[in-house]
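Just so you know, all these numbers are worked out from the coordinates, no wet-lab data involved. Predicted model only: the values in this text are computed from it and were never measured. Virtual Cβ from ideal backbone geometry, glycine too; neighbours counted across all protein chains shown.
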Amino acid sequence: MKLYGYFRSSAAYRVRIALNLKKLPYEQFAVHLTRNGGWQWSEEFRAINPQKRVPALALSTGEVLLQSLAIIEYLDEVEPDPPLLPADPIERARVRAISQMVACDIHPLNNLAALNYLKGPLKHDQATADEWYRHWVTEGFDAIEALIRPGPYAFGTHVTMADLCLVPQVFNARRFKMNFAKYPKIAAIDAACLKLPAFDKARPENQPDAE
Ligand SMILES: N[C@@H](CCC(=O)N[C@@H](CS)C(=O)NCC(=O)O)C(=O)O
């Protein structure tokens, strides 16, 4: 499999963790999102993903899968060990809810495309963009902090898709100098996960394209 990603992309980071946990071999293709205007805009990459975003996972059959949560659930279906969703339907819904709070409610408002649009066409300065970033992370993290119960992972003793979403979002929030004092549970989950080799290997700084 070939993973089109970028070391700092939190959506690609989620998929790297899943591939590592499931011990699936993959080759990485770095899509530099900022150099020369961003390779995601190239015709070559648009043929792979017309949405011009990473991650994209090319399978050995030539099929290309898009959207990190869809990719993670696909991987979980074809390689169920270790499972990233609990067997119980209620627990599954809870794990998906936290995953989607990160992937659907926090991340889209704060990713590169959204921040560039704020600073470019909408002409906001960096301080306003930073405030926007922190506002949406705070909204999301306040809810997540109230909902999770570290044990030591977000849903007990087994890593789930919720952890795969949380750890990259924490990395991202730290880059933007968010204060974690009011998020002890989220910080504890992040610390517990990063002790696992699959998470450590997926860290942005451990990628071949890290800068
Ligand atoms: N919902 C998508 C989000 C993908 C996404 O926004 N990726 C960002 C990097 S984290 C990207 O490729 N941005 C390109 C750009 O901003 O131009 C997913 O979960 O895969």
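Exactly one condition in (1) crowded, with 16+ Cβ neighbours inside 10 Å; (2) in a loop (DSSP other than H, G, I, E, B); (3) without any contact (Cβ under 8 Å) to a residue 60 or more places away in the chain is not met by residue 159; state its number.
Against the list (1) crowded, with 16+ Cβ neighbours inside 10 Å; (2) in a loop (DSSP other than H, G, I, E, B); (3) without any contact (Cβ under 8 Å) to a residue 60 or more places away in the chain, residue 159 comes up short only on (3).
Counting only residues that are surrounded by 13 or more Cβ atoms within 10 Å (Cβ to Cβ) and within 16 Å of the ligand (Cβ to nearest atom), which one in region 118-138 is nearest to residue 22 (Cα to Cα)?
Let us first name the residues in region 118-138 that are surrounded by 13 or more Cβ atoms within 10 Å (Cβ to Cβ), namely 118-119, 124, 128-130, 132-134, 136-138.
Still in the running and within 16 Å of the ligand (Cβ to nearest atom): 118-119, 129, 132-133, 136-137.
Details: 118: 38, 119: 39, 129: 37, 132: 36, 133: 32, 136: 31, 137: 29 Å.
Step by step, filter region 118-138, then rank; the result is 137.
Go through region 56-103 and report how many residues are loosely packed, with under 13 Cβ neighbours inside 10 Å and under 15 Å from the mean Cα position of the chain (by Cα).
Residues flagged as loosely packed, with under 13 Cβ neighbours inside 10 Å and under 15 Å from the mean Cα position of the chain (by Cα) within region 56-103 amount to 1.
Which one of the conditions (1) under 25 Å from residue 6 (Cβ atoms); (2) surrounded by fewer than 22 Cβ atoms within 10 Å (Cβ to Cβ) does residue 141 fail to meet, given that it meets all the rest?
Result: residue 141 fails condition (2) only.
Would you mind finding the one in 98, 106, 48 that is under 17 Å from residue 162 (Cα atoms) and in contact with a strand residue (DSSP E or B) (Cβ under 9 Å, 6 or more places away or on another chain)?
On the way: 106 fails: in contact with a strand residue (DSSP E or B) (Cβ under 9 Å, 6 or more places away or on another chain); 48 fails: under 17 Å from residue 162 (Cα atoms).
Answer to the selection: 98.
Go through region 158-191 and give me each residue that's small (Gly, Ala, Ser) and over 12 Å from residue 14 (Cβ atoms).
Initially, region 158-191 is screened for residues small (Gly, Ala, Ser), giving 162, 173, 181, 187-188, 191.
173, 181, 187, 188, 191 - these are the residues of region 158-191 that are small (Gly, Ala, Ser) and over 12 Å from residue 14 (Cβ atoms).
May I ask you to list the residues in region 7-49 that are surrounded by fewer than 17 Cβ atoms within 10 Å (Cβ to Cβ) and either within 8 Å of the ligand (Cβ to nearest atom) or of a type in the set (D, E, K, R) (or both)?
Residues satisfying the conditions are 23, 27, 35, 41, 43, 44, 46.
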